[in-house]
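*Asks:* Below is a structure I'd like to ask you about.
The values are calculated or read from the model by the stated rules, or taken from the named source; none is laboratory data. In this text the structure is predicted, and so the values were computed from the model without any measurement. For neighbour counting, all protein chains shown are included, and Cβ atoms are generated from backbone atoms with ideal geometry for every residue, glycine included.
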Amino acid sequence: MMQPSMWTSYLIQMYPLEMARTLVRHGWKTCELSDEHGHDLLKMGPPDKVGAAFKTLAADIGISFPQGHFYLCNKGFRPEDLEGRQGADIAPRDDAAFEAAMDDMKRWVELFAALGVKAGVLHCGGHTMLKENAPYEQVFERRCQAVAAVADFAAGTDVTICLENLTATGTRTCDDLLTLIAAVNRPNVAICLDTGHANICQVDVPDFIRQAGSHLKALHIADNLGQRDDHILPWGKGTVPWPKVMAALKDINYCGLFNFEVPGESHCPMPIKLAKLDYARSLAEEMITMAQ
């Protein structure tokens, strides 16, 4: 059965333990660990020890992190991280940069395995090669090399690598991701559906879900107006067809987290943000009943 989940970047201002305690106070029991909070943890020591310790602390207060987002930036969000902070690409053309990215990914996999993450959401990279107008065949080959390496790092753990649909070439549709998964040919590679990205790309979200079937292991639930990644909650002004989405999730018996990724809702004073957090939990619970 699906469980309500909130991407922890919603509380990006808070350090991990404060974030976890706040979510518990507002009724959340499962969440996706964000890139920013992952960076916070990795600065504390060896990934396996830090992950295991935080898993224990979280369990003691009643929360877990079955889903996590692999790194989006080379550094975290804190003031000491801002100098030199830039977007990460796990599939760059340069061999030295590629090896550095793989070294980073080893640490993230170790952290997630120790923390109890089952679904590790990953951007398959290649955007720097696309900007350089590299032939798509080369981009695809590098992406396959990167994803296969990360999957091999995670082999023997409970972490499944969940490729997220994006708006870049070769990542937009379920066909795109299934093609990559087939080429990588690793049993621990699956799909994370981002409903907002699909809506921007005019991809039929319910069809995506049914096509993904058992490959769908993670969700980023967000709405938008179809033009940009607004990251807003469902059932507002957005245009994602939620009744059909929930019916499709029911059809495939999806049982991962029903995870909101809604930073567009967080631009407000903290008391309002926390009130929205309460509303979001109730909304998630109501939407999950539609898929039962």
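*Asks:* Report those strands (runs of 3 or more DSSP E) wholly inside the stretch 1-77 carrying at least 2 residues which are in contact with a helix residue (DSSP H, G or I) (Cβ under 6 Å, 6 or more places away or on another chain). Walk me through how you get there before you give the answer.
*Replies:* Working: elements: 3-7, 30-33, 64-69.
Where strands (runs of 3 or more DSSP E) fall fully within the stretch 1-77 and carry at least 2 residues being in contact with a helix residue (DSSP H, G or I) (Cβ under 6 Å, 6 or more places away or on another chain), they are 30-33, 64-69.
*Asks:* A follow-up question, please. Check the stretch 252-262 and report whether any residue there is over 23 Å from Val189 (Cα atoms), modelled with pLDDT of 95 or more and part of a loop (DSSP other than H, G, I, E, B). Break it down into steps so the answer makes sense when it comes.
*Replies:* Initially, the stretch 252-262 is screened for residues over 23 Å from Val189 (Cα atoms), giving 262.
Of the ones still in play, those that are also modelled with pLDDT of 95 or more are 262.
Right, trim to part of a loop (DSSP other than H, G, I, E, B) and you get 262.
Scanning the stretch 252-262, I find at least one residue that is over 23 Å from Val189 (Cα atoms), modelled with pLDDT of 95 or more and part of a loop (DSSP other than H, G, I, E, B), so the answer is yes.
*Asks:* Please go through the stretch 185-206 and give me each residue that is of a type in the set (D, E, K, R) and touching a residue at least 12 places away in the same chain (Cβ under 8 Å), ordered by number.
*Replies:* Initial filter on the stretch 185-206 (of a type in the set (D, E, K, R)): 186, 194, 204.
Scanning the stretch 185-206 gives Arg186, Asp194.
*Asks:* Now, a different point. Could you list, in sequence order, all residues of the stretch 177-212 that are among the charged types (D, E, K, R) and buried (at least 20 other Cβ atoms within 10 Å of the Cβ)?
*Replies:* Asp194
*Asks:* Next up: List the residue pairs whose Cβ atoms are under 6 Å apart, where the first residue sits in the stretch 271-292 and is on the phi > 0 side of the Ramachandran plot, the second is among the aliphatic types (A, V, I, L, M) and not in a helix (DSSP H, G or I), and the two are 6 or more positions apart or on different chains.
*Replies:* No pair meets every condition.
*Asks:* For the stretch 213-255, which residues satisfy the criterion of being touching a Cys at 6+ places or on another chain (Cβ under 9 Å) and either surrounded by fewer than 22 Cβ atoms within 10 Å (Cβ to Cβ) or under 18 Å from Leu283 (Cα atoms) (or both)? Step through it out loud before you land on a result.
*Replies:* We begin by selecting, within the stretch 213-255, every residue touching a Cys at 6+ places or on another chain (Cβ under 9 Å); these are 215-220.
Hits for the stretch 213-255 are His215, Leu219, His220.
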